[in-house]
Amino acid sequence: MKAHIALTALAAVAITACGGGDADTGLERSTVTTQEGSYGNYGYSPDGSRMAFIRWDGQKEEIWTANPDGSDAVRVASTVDVETVDWSPDGQTLAYMAVGDDPPDLFTVPARGGAEPTRLTTTSTVEVAPRFSPDGSQLLFVSNREGGNFNLWRMPAAGGPAVRLTTGEGGQNGLWSPDGTGLAVESCAGGKCALSLLTLDGGAEQPLTTEGFEYLEEWSPDGSELLFTSRRAGLRDIWAVPAGGGEPRQLTNDIRDEWRPRYSPDGQWVAFHAERGGQDDVWVVAASGGEPLRVTNDPAEEFGLEWTPGGDGLTFGYSEQVNQIYVVPTDGGDPRQVTFGNDDNVAGAISPDGQLIAFQSERGGGEDIYVVPVAGGEPRGVATSAVDEYSPQWSPDGTKLLFLSTAGGVEGIWVIPAEGGERVRVSPEGANATDAQWSPDGTMIAFWSDAGGGVGKTMVAPATGGEARVVADLDNAAPTSWSPDGRSLLLVSTNVPGDRTLGVYRVPVDGGSPSFVTSDFATVFPARWSPDGSKIGLQAYADGHWDLYVMDADGSNVVRLTDDPANDINMHWSADGSTIFFQTNRNGTWDIAAIPAEGGEIRWVAASPMIDSPSDIAEDGSLIVYTGTPMYNSLVTVNVTPLLEGDQE
C-alpha cells in the first residue's frame, strides 16, 4: 500500500543521529532526523559530503542541505511548492522546480545558501524535473512549452535558450547517460509507456522496450544497462535492459508491486521497495539476479530510497504513523476516528443507509476488505485471502461490495455479498482492470481493462459476472461517472483532438457514437454527473494548477468554480447537487472544503488530522468519509553490510 505522504511541519532542523536496529532483520539503523516534522525529495551530493532534503513549515516548502548525519543543516531556498532537487556534479549548486503564483519554473541556488535563487525559465507553461548533465554544463528538463505535450528539452545550466530534444505526442521522461552522450527516454502515449535511447549527436532514437507498460528508473553506474519497472507480467516488477539494445531480463517476480529500484554505487546490488509479505519494506537483490534479501520488516510506511555514497547503507523515509478512517459532518465540526490499531486502514466507502463503512486494511498481513459501523466498533472481514483486495465500493442497494483483487496475478474486479460469502469475478480473466463504477440500478459495472490487448478500453459487464463488452473504441478510456438514468457514461480518454492530454467523452452505454464534451481544456480528470444529471462537474489543469468547473451536461455554459495557485482536486457532489466538496492544499496541507455548485465562497469542512483524500459522502449528505494520517516522518539509514556480506546471525 502506498500511503499519501505529505511534507509537513518541521519544528527545527538541528538534527543528529541516534543508534538503533531494525526490529526483525537485526540490521543496525540510524535515525538521521529526530525533530518532529516531515522530510522528502532527498539525495546525496556527488562526493557524499552533504545531503539535500525538503522541509515543510506549514505554509511553504524549504530546501535544506546537511551533513549525512543531519548536522550542520542550512536552509538554501523556500517556495510554495518544490520538487526534483538535483545536485550539480561539483556539489556546489542545486537545481529544482518551484511553483509560486506562476506555473512551475526552474531555478538554481548555491548548495550552501547565501544567495537568492536564480530563475532559469519564465514561460507560461510547465517546466519540471531538472537534471544536470554529467559535466554540469547543461540541464535536462520536461516541458509542454510547444504543442501542449510534455517533451524533453535541454538548456545551459547558467540559463539561456532551450533546445527541444524529443517530439513525442504524449508524456516524456529522461535521464542523462553517465557519459553525457545520450539520454534514456521514457515515452508515454495512448496509455502505453516504452523506453528508448537517444544519442545527442543527431543519431536515430533506438527502441529498447516495446511492451508498453515500462517506466524508466535508473542507469547502471557503468552505463551498460538501465533499470525499469514493468507491468508486462501483471503488477510492477523490476527489469534491466542493455543500454545498447537487447533482451530485457527480469530481476524480481512477485504477485505484489515492487518499485523504486536503485543500483548500489559499485553496480553489484539493486535496492527496491516491495509489498512482499503484505507490507511496504526495503529489499536488495544482486544486480545479476537471484533471491532478494530483506532489509526491513515492520509495518511502518517506507518511501524514497537512496544508497549511502559508500554503498554500505540505505537511506529512506520512514513513518510509524498509519492511515485511519475518519468521518466529519458535511456542515463542519470535529472529525471522528472510526478505525484504530497499528495497521493501515484506507479507502473508506459509506453504505447507502449510512450505517457502515467498507475499507481496506493490512491488519491481516495483506490488503483485505473489512466493514465497520459508522458509530464505531470492531471491524469484520468481508473479503480476506492470500492475495491483495482493495478499493471497496457499495452496490446501490447496499447488499454487495465491489473490490479490486490481484487474484490470478492481474488486477481484476470482483463482487462479494456485503455479509461475506462467495465472490464473483466481473472483469475478464487474465486481463488487468481498474476504475470500476456501479450502474445506478446495480445491475452493471463499468471499468477500464486491457482485455482487448494494446491500450485499455472502457468495458461494461453484468455485476453477477458474464461477458464484458467494449463501450466505445477510445484509447486508454476509463469511466468516471454513470448518468443518473444509467443510459450514459462519462469517460476520460487520451484519445482526444488537438493539443490535449486527457479529455471527457459522453458515451451511450447501449451503443452509439461518443461525444467530446470538454473542448476548452488541455487536461481533465475526472468528471462527474450531478445527482439530477443536468450538470457535469470536473477538475481541469489550467494556468499551472488544478481547478474545479461545472458545465451543462452537453458541455456548454462552463462555470469556473475555483481559481487559486494551489490545487483543488477530488470533487464530490452533495446529495442534493447544491454543493461540491473537494480537497485543496491552499493552506499547505490537504484539507477538505466545500463550494456552492453555482459558484461562490468556499467554506472549510475538515483540516485535521492530515487528510489523504475524501473517499465518499453519505447518501443523505450528512457525513464525509476520508483517510487521515498524522503529520510527521523521519529519515533513517540502515547498515546493509552484514546482509550483503552474509554475516547476519
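The values are calculated or read from the model by the stated rules, or taken from the named source; none is laboratory data. Note that the structure is predicted; figures quoted are calculated from it, not measured. Here the Cβ positions follow ideal geometry from the backbone for every residue, glycine too, while neighbour counts run over all protein chains shown. Side chains are part of the model used for accessible areas, which takes the heavy atoms of the whole protein and leaves out ligands, DNA and RNA. Shrake-Rupley method; radii C 1.70, N 1.55, O 1.52, S 1.80 Å.
What the table shows:
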read-out	value
Any hit, the stretch 316-330, residues being open to solvent by less than 10 Å² (accessible area, probe 1.4 Å) and assigned to a loop (DSSP other than H, G, I, E, B)	yes
Condition met for T210 (open to solvent by 30 Å² or more (accessible area, probe 1.4 Å), in contact with a strand residue (DSSP E or B) (Cβ under 9 Å, 6 or more places away or on another chain) and in a loop (DSSP other than H, G, I, E, B))	yes
Qualifying residue in the stretch 368-382 (condition: farther than 30 Å from A52 by Cβ, aliphatic (A, V, I, L, M) and free of Cβ contacts under 8 Å to residues at least 40 places away in the same chain)	yes
Any pair with Cβ under 8 angstrom, 6 or more apart, that starts in the stretch 217-242 at a residue that is in contact (Cβ under 8 Å) with a residue 60 or more places away in the chain and ends at one that is assigned to a strand (DSSP E or B) and open to solvent by 50 Å² or more (accessible area, probe 1.4 Å)	A233/Q250
Strands (runs of 3 or more DSSP E) enclosed by the stretch 411-511 - at least 2 residues per element that are within 30 Å of Y549 (Cα to Cα)	433-438, 444-449, 457-462, 478-482, 488-493, 503-508
Residue within the stretch 591-611 that is surrounded by 15 or more Cβ atoms within 10 Å (Cβ to Cβ), at pLDDT below 75 and part of a strand (DSSP E or B) present	yes
Every pair of residues 6+ apart whose Cβ atoms lie under 6 Å, when the first sits in the stretch 155-181 and is touching a residue at least 40 places away in the same chain (Cβ under 8 Å) while the second is of a type in the set (D, E, K, R)	N173/E186; G180/D135
Filter pass, V625 being assigned to a strand (DSSP E or B), in contact with a Pro (Cβ under 8 Å, 6 or more places away or on another chain), modelled with pLDDT of 80 or more and more than 25 Å from A98 (Cα to Cα)	yes
Hits in the stretch 67-94 (condition: open to solvent by less than 60 Å² (accessible area, probe 1.4 Å) and part of a loop (DSSP other than H, G, I, E, B))	N67, P68, G70, S71, A73, S88, P89, G91
Matching residues, the stretch 213-226, being crowded, with 17+ Cβ neighbours inside 10 Å and among the acidic types (D, E)	E214, E217, E218, E225
Residues satisfying the stated conditions in the stretch 175-207, i.e. in a loop (DSSP other than H, G, I, E, B), closer than 25 Å to R231 by Cα and out of contact with any Phe, Trp or Tyr (no Cβ under 8 Å at 6 or more places or on another chain)	G190, G191, E205
Selection within the stretch 515-528 - assigned to a loop (DSSP other than H, G, I, E, B) and either modelled with pLDDT of 90 or more or within 23 Å of the chain's Cα centre (by Cα) (or both)	F521, A522
All strands (runs of 3 or more DSSP E) inside the stretch 95-174 with 2 or more residues being farther than 18 Å from A52 by Cα and open to solvent by 20 Å² or more (accessible area, probe 1.4 Å)	151-156
Any hit, the stretch 365-388, residues being more than 21 Å from L623 (Cβ to Cβ) and of a type in the set (K, R)	no
First in the stretch 110-126 and of a type in the set (D, E, K, R), second anywhere and assigned to a loop (DSSP other than H, G, I, E, B), Cβ under 9 Å, 6 or more apart	R112/R50; R112/Q92; R119/G159
Failed condition for R256, given (1) free of Cβ contacts under 8 Å to residues at least 60 places away in the same chain; (2) under 24 Å from the mean Cα position of the chain (by Cα)	(1)
Members of the stretch 530-554 that are open to solvent by 50 Å² or more (accessible area, probe 1.4 Å) and either under 24 Å from N585 (Cβ atoms) or not small (G, A, S) (or both)	P531, D532, K535, Y541, D543, W546, D554
Any hit, the stretch 258-272, residues being at pLDDT 85 or above, in contact with a Leu (Cβ under 6 Å, 6 or more places away or on another chain) and either open to solvent by 10 Å² or more (accessible area, probe 1.4 Å) or of a type in the set (K, R) (or both)	yes
Test: residue in the stretch 227-250 that is aliphatic (A, V, I, L, M), in a loop (DSSP other than H, G, I, E, B) and crowded, with 20+ Cβ neighbours inside 10 Å	yes
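Residues are listed down the side, and each one gets a yes or a no for (1) at pLDDT 90 or above; (2) among the hydrophobic types (A, V, I, L, M, F, W, C); (3) within 22 Å of the chain's Cα centre (by Cα); (4) closer than 22 Å to A542 by Cβ:
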| site | (1), (2), (3), (4) |
| --- | --- |
| V74 | no, yes, no, no |
| D81 | no, no, yes, yes |
| W87 | yes, yes, no, no |
| D90 | yes, no, no, no |
| T93 | yes, no, no, no |
| Y96 | yes, no, yes, no |
| A115 | yes, yes, no, no |
| T122 | no, no, no, yes |
| V126 | no, yes, yes, yes |
